[in-house]
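As structure tokens, the structure follows; a few thoughts come after it.
The values are calculated or read from the model by the stated rules, or taken from the named source; none is laboratory data. Keep in mind that this is a model prediction, so the values were computed, not measured. All Cβ positions, even for glycine, are placed from backbone atoms using ideal geometry, and neighbour counts span all protein chains on display. Just so you know, the surface numbers come from the protein's heavy atoms only, side chains and all, with ligands and any DNA or RNA stripped out. Shrake-Rupley method; radii C 1.70, N 1.55, O 1.52, S 1.80 Å.
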Amino acid sequence: MSAGSLSGCLSGDNAPSTPEEAPSPEDTTTEARTQTETPQSEMGTETETETETETETETETERKPEISGWPMFQFDQANRGVTTESGPSGEITESWVFETNEEIHSSPAVMNGSVYVGSNDENFYAVNAVTGEEQWVYSTGSSVTSSPAVVDGTVYVGSSDTTMYALDATTGSEEWSFSSGDSIMTDPVVVDGMVYFGSNDDAFYAIDATSGKQQWSFNTDGDITASPAVVDGTVFFGSLDYHLYAVDAASGDQQWSVETEGYIRSAPAIGDGTVYFGCGDGNVYAVDSETGSQQWSFDTGGPVWGSPAVTEKSVYIGSYHAANTRNVYAITQDTGDQRWDMSLNSPIPVSQVVVDETVYLATAGGHLYALETYTGDREWDFQLGSRIYSSPAVADRRIYISSGNTLYALTEQ
């Protein structure tokens, strides 16, 4: 077990167990939050290199895994946000809308002709992906902000009622439930028969996917609100205690941890032996997946809440700041140099996804954007009805995303 500290970070003795900058788990009014830290970074936004090549364009998304649909948050257990599915090739329009009784903060999953999503109305829904008709609904005891994972005919999703649920994907009947000590806002990841997720009780859990029995838990000093990533027998996750952790997927033993200058509500993304994650201190970090040693950092100028999308050459990430910085960035994967940035009209609180040669991202103000991966040029933008709290899912040339209390299916005009 080893512990490390990222460049310019707090010392271990001074790390608060309840960071003042960390957002309250129940606070969903994102524009009211502002950055109160002064980030330190080895790489500022003023450094920009545009040394792209035709080879980069051709290989930008060639490593996308072969999975049909969008089974979990950011597509797979590595959280790369990259898919083999095709997105709309041109301007888009509404195919259908599905309304719930309260806002939707859960990002949808799409599998086998169904869209699965939770709502703050305390319900979890299965909706026909083609027609938008409700297939079934499951009621929990509180809001469902967790994004589901759909694996082998079972849907796994957490609720603020402290419970992780396993539901039959076809009927919605409960297979099992597991109670933690507080709200579950994280998006579960299911790998090799295990369900991995964190809780606002400051603990991270590994649960048997078939029985719902706890295999191990790992305690931190802060709420765990973001999805983990699970790659090569290691679970990576961040906490509001300012740390990113790597623990053994089978035993829960800590392999290493690194300390940052802010809360971590960004889900880590793994690519080519590197862990990429955003932080409340305004930086995107790249650390070695084996040791936790820092490879580079990039200063976005505002807190980073979403998970980066990681292709073979680039890392795409947006920043959130209510007052000034509202940019999405393309960063070179190996060096952390800026390739391009695009200033948008609203903060970016959610994650980006990459499909073909397009980056899809949403803003708090209700806009969905499509940007060209190579240049950052805008392909199109689409105004949805209200604030956006969930990240997009792409399947069968449709984009599924929620705005306000409405789930949208968007398709080509």
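The fraction of accessible area contributed by carbon and sulfur in the stretch 232-363 is 37 percent, rounded to a whole number (1.4 Å probe; ligands and nucleic acids excluded). Of the solvent-accessible surface of the stretch 143-216, computed with a 1.4 Å probe over protein heavy atoms with every protein chain present, carbon and sulfur atoms account for 38 percent. Descending by average beta-carbon neighbour count within 10 Å, the peptides 119-127, 258-266 line up as 258-266, 119-127, the highest first. The residues of the stretch 75-149 present an accessible area of 34 Å² per residue when probed at 1.4 Å with all protein chains retained. For the peptides 174-181, 366-373, the ranking by mean Cβ contacts within 10 Å, running from highest to lowest, is 366-373, 174-181.
Skip the ligands, DNA and RNA, and give the accessible area per residue of the stretch 305-403 with a 1.4 Å probe, whole Å².
Value for the stretch 305-403: 25 Å² per residue.
Protection proxy ranking of 207-218, 134-145, 339-350, 191-202, by the mean of other Cβ atoms within 10 Å over each peptide's residues and highest first, is 191-202, 339-350, 134-145, 207-218. Other residues whose C-beta falls under 11 angstrom from the C-beta of ILE92 contribute a net charge of -3, scoring Lys and Arg +1 and Asp and Glu -1. With K and R counted +1 and D and E -1, the other residues having a Cβ less than 11 Å from that of ALA226 yield a net charge of -1.
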